[in-house]
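These notes are about the structure you will find just below.
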Amino acid sequence: MFEIKNGRPADLLALASEVDRLQRLATDLMLFADGHVNISKDAPVLDNWMRTSRSAACLTGTVWDHPTLPGAGRSIVTSDLYLLMEDTGVARTMSRWYRLGRPYGSKHSS
């Protein structure tokens, strides 16, 4: 949500950042609709994940190699969930692609 004062957004940098994020999401969704899924090997891994919800669908789990969150093995709730492809092990949230690790409650392989 953006606050508008005197006919202008209060935080132009935040608005520009959100527009950029939405444009990247739109591009990924259009490419997906055309049959293309290009997920970087550097996409963060969301382990021990499960589908959850707040006012919008999202994922929660333990993230590794996140580009903006410090630490490893950190519990997170993702931004809004737009694509969940369990069969290929990937998800697209508002912010980024995730490679999916084990679903919540699954046993470790030995």
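The values are calculated or read from the model by the stated rules, or taken from the named source; none is laboratory data. Just so it is clear, the model here is predicted, and its values are computed rather than measured. Glycine gets a Cβ as well: all are built from the backbone with ideal geometry, and neighbour counts include every protein chain shown.
For S55, only one of the following conditions fails: (1) at pLDDT below 85; (2) of a type outside the set (A, V, I, L, M); (3) out of contact with any Leu (no Cβ under 8 Å at 6 or more places or on another chain); (4) farther than 30 Å from K107 by Cβ. What is its number?
(1)
Condition (residue is β-branched (V, I, T), more than 21 Å from R21 (Cβ to Cβ) and in contact with a strand residue (DSSP E or B) (Cβ under 8 Å, 6 or more places away or on another chain)) applied to region 56-70: is it met by at least one residue?
Yes, region 56-70 contains at least one residue that is β-branched (V, I, T), more than 21 Å from R21 (Cβ to Cβ) and in contact with a strand residue (DSSP E or B) (Cβ under 8 Å, 6 or more places away or on another chain).
Table: residues versus (1) over 15 Å from G101 (Cβ atoms); (2) of a type outside the set (G, A, S); (3) not assigned by TED's automatic domain parsing to the domain that holds R96.
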{"position": "D11", "(1), (2), (3)": "yes, yes, yes"}
{"position": "L15", "(1), (2), (3)": "yes, yes, yes"}
{"position": "L22", "(1), (2), (3)": "yes, yes, yes"}
{"position": "L29", "(1), (2), (3)": "yes, yes, yes"}
{"position": "R54", "(1), (2), (3)": "yes, yes, no"}
{"position": "G61", "(1), (2), (3)": "no, no, no"}
{"position": "P67", "(1), (2), (3)": "yes, yes, no"}
{"position": "P70", "(1), (2), (3)": "yes, yes, no"}
{"position": "G73", "(1), (2), (3)": "no, no, no"}
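Scan region 35-74 for residues that are aliphatic (A, V, I, L, M), touching a residue at least 40 places away in the same chain (Cβ under 8 Å) and assigned to a loop (DSSP other than H, G, I, E, B) and report the count.
Residues that pass the stated criteria total 3.
Filter region 20-34 down to the residues that are surrounded by fewer than 10 Cβ atoms within 10 Å (Cβ to Cβ) and part of a helix (DSSP H, G or I) and list them by number.
Hit for region 20-34 is A33, nothing else.
Restricting attention to region 58-102, report how many residues are more than 23 Å from H36 (Cα to Cα), modelled with pLDDT of 90 or more, more than 13 Å from the chain's Cα centre (by Cα) and small (G, A, S).
Total meeting the criteria: 2.
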